[in-house]
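A.B. asks: Provided herewith is a single structure, encoded as structure tokens, for subsequent inquiry.
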Amino acid sequence: MTTEDVRRVDMKVEVLVLPVADVERAKEFYGRLGWRLDVTPPAVVQFTPHGSDCSVQFGDGLTDAEPGSGKAYLVVADIVAARDALVAAGVEVGEIFHDGPDGRETGVDPDCGTYRSRATFADPDGNQWLLQEITSSLSRRVDPAEAAFSSAGDLAAALRRAEAAHGEHEKRTGERDVNWPDWYAEYMVAERTGTQLPT
């Protein structure tokens with residue numbers, strides 16, 4: 001089998017195993033996040049974040065890793081709303097930050113650049129989660145044929161960004177765009193797939 005043959009085989013990340021010391025405490029924490037508790041075999045606890053195709057599992061004997069040594073990334077369409085929701089659920093979340101010209105700076109990235117605005121939180125064992133705001137996917141990360149939105153919140157955030165960009169488009173052209181639904185659709189698919197945005 002060649003590398004080219006392997007490229008033709010679809011492989012999707014299904015589950016990440018988290019090292020935890022207290023399964024019930026971890027179960028309470030991830031339930032508080034509103035993640036879906038999946039049906040699993042006994043001794044395995046599995047949660048799936050809303051809009052995610054990948055789940056997390058924990059349980060006695062699933063891993064030899066030290067509890068709290070896990071680190072993972074969560075992508076969100078609106079980091080302020082995501083942080084506010086986590087804090088309202090009783091999760092301690094660090095302040096939002098971004099990388100500026102002189103290093104880390106507090107607050108949302110002024111240009112709302114994709115992958116630039118971040119915040120962190122940890123589960124009770126110390127497993128680290130890094131929230132990243134994605135406003136558009138990097139080129140070739142999403143197949144244009146699969147440019148779907150995974151949740152109502154994800155779609156709503158994309159519509160808000162398209163509305164703001166379309167307002168700028170109408171200012172530049174100086175006229176009302178009666179074909180705004182087509183423009184929105186083109187903008188949202190381009191943003192999702194990381195291709196050239198309409199102007």
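The values are calculated or read from the model by the stated rules, or taken from the named source; none is laboratory data. In this text the structure is predicted, and so the values were computed from the model without any measurement. Don't worry about glycine lacking a Cβ; one is built from the backbone with ideal geometry, like all the others, and counts go over all protein chains shown.
A.B. asks: Report yes if Gly94 is free of Cβ contacts under 8 Å to residues at least 12 places away in the same chain and surrounded by 10 or more Cβ atoms within 10 Å (Cβ to Cβ), otherwise no.
C.D. replies: Judged against the criteria, Gly94 is not a match.
A.B. asks: Within the range 87-199, considering only strands (runs of 3 or more DSSP E) that don't extend past its boundaries, which have at least 3 residues that are modelled with pLDDT of 80 or more and under 30 Å from Arg25 (Cα atoms)?
C.D. replies: On the way: elements: 97-100, 103-106, 118-122, 128-133.
Counting at least 3 such residues, we get 118-122, 128-133.
A.B. asks: Something else about it: Taking Glu66 as the residue in question, decide whether it is touching a Cys at 6+ places or on another chain (Cβ under 8 Å) and either acidic (Asp, Glu) or at pLDDT 95 or above (or both).
C.D. replies: no
A.B. asks: Within the range 66-81, which residues are crowded, with 18+ Cβ neighbours inside 10 Å and assigned to a loop (DSSP other than H, G, I, E, B)?
C.D. replies: Pro67, Gly70, Ala77, Asp78
A.B. asks: What's the number of the only condition in (1) under 22 Å from Ile134 (Cβ atoms); (2) modelled with pLDDT under 95; (3) part of a helix (DSSP H, G or I) that Asp84 fails to meet?
C.D. replies: (2)
A.B. asks: Here is a list: Gly59, Gly51. Which entry is at positive phi and crowded, with 17+ Cβ neighbours inside 10 Å?
C.D. replies: Working: Gly51 fails: crowded, with 17+ Cβ neighbours inside 10 Å.
Only one candidate passes the filter, namely Gly59.
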